Amino acid sequence: MTTIPELMNAVVLEAPQKLVTKQIPVPQPDAGWVLLKVGAASICGSDVLRVWSGHARVLPIVLGHECAGTVVVVGEGVDHDLIGRCFALIPLIPNRESPISTMGFYASSPGYSFIGSRINGGFAEYVAAPAANIIAVPDGVSPEIGALLEPCTVAHHALNRGGGVRGRSVAVFGVGSIGLLTIQAARALGAVRIIAVDISEHHLAAAAQFGADETVNAQTGDVAETILRLTQHGVDLSVEVAGVPATLMQAVLSTRPGGDVVLVGNQPVSRQISLDLFEQFMRRQLNMHGSWMSYSAPFPGMEWQSILDMMKAGQLSLEAMITHRVALDQLPAMFDQIHQGGLEYRKIMALP
């Protein structure tokens, strides 16, 4: 029988820009909940914004929603056979009473909770979650790869929102970690041509490594003209991941008439978008789709099992996505490095 300590090491965001390593009580799982011993937790771009840009909704908070680990304790009513098995975290806890949730838009309904944002997450030795919010990691898949399940589902969901990719051409605008995972998911789901757009040659080289057929550097020429030259009429589907107004316009101008544009990147609320964007949407008769997180009905959504199937089939190059591994107590220094700029990384794993 596993002995659970009273205290655990955790990385706590105590105030804006104040991230500290400290000991806090190990959470006790309520009825219907489980306790995971964290095997790996990955830094998401949203974690960086919570630390440095004031995006945290709750303080103090243990961040970390890209996470996997082993069940060590189960609450009342939970199958004891879960103990000792590896699971990935499904961080959104839906408000099942909301009419929006009954439509399948769990992430768009009011009143949801979120592990690693609204309640304590995985940048700790242990994390508690409802039993409905864990999903088994396939045999032979490490906790590190299991921690990447959630960001993979974000990419998959975006492609679903755009009507799917099988037999279609796709352009991905912004190829940081989510953009690279979008390229990999698009390839696995049957896209016939994938074009990556970014301003970083380092990112574009990674995009080619992970499955892009062509890459376009937005700083060296007109993106839309280049894509139109490559495709004749434009791509069937553009996925805007960068969250930049100028990139959104490039995505619109690079999409064929009647095609689809998916918005994944968070556009800055302080910026304005030209009405010419909507003129172009109208003239091209494009379809605009918002994509938020990765959830669909039945909860958590088909994206989760689909990505697990891709993992088992070896269709995703996730090990190569991990560029840094750090101990839990090194995590605050890693956030400092990210904030200072110049760190080339894809996914950073914290290993408690």
For segment 269-292, the count of residues that are crowded, with 19+ Cβ neighbours inside 10 Å and out of contact with any Asp or Glu (no Cβ under 8 Å at 6 or more places or on another chain) equals 1
Are any residues in segment 70-95 touching a Gly at 6+ places or on another chain (Cβ under 8 Å), under 18 Å from ALA297 (Cα atoms) and buried (at least 16 other Cβ atoms within 10 Å of the Cβ), and if so, which ones?
LEU89, PRO91
Count, please, the residues in segment 293-319 that happen to be surrounded by 15 or more Cβ atoms within 10 Å (Cβ to Cβ), hydrophobic (A, V, I, L, M, F, W, C) and not in a helix (DSSP H, G or I).
4
Would you please name the residue that is surrounded by the most Cβ atoms within 10 Å (Cβ to Cβ), looking only at residues in segment 35-67 that are under 22 Å from LEU180 (Cβ atoms) and small (Gly, Ala, Ser)?
ALA41
Being part of a strand (DSSP E or B) and assigned by TED's automatic domain parsing to the domain that holds ILE195 narrows VAL262, VAL269 down to just VAL262
Going through segment 179-193 one residue at a time, which ones are among the β-branched types (Val, Ile, Thr) and surrounded by fewer than 24 Cβ atoms within 10 Å (Cβ to Cβ)?
VAL192
Give me the helices (runs of 4 or more DSSP H) completely within segment 43-161, filtered to those with at least 1 residues that are of a type outside the set (D, E, K, R), outside the structural domain of GLN17 (by TED's automatic domain parsing) and more than 23 Å from ALA350 (Cα to Cα), ordered by residue number.
149-161
Output yes when any residue across segment 241-259 is among the charged types (D, E, K, R) and either surrounded by 22 or more Cβ atoms within 10 Å (Cβ to Cβ) or over 20 Å from SER169 (Cα atoms) (or both), and no when none is.
no
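The values are calculated or read from the model by the stated rules, or taken from the named source; none is laboratory data. Keep in mind it's a predicted model, so treat the numbers as computed, not measured. Positions of Cβ are generated from backbone atoms using ideal geometry, with glycine treated the same way; all protein chains shown enter the neighbour counts.
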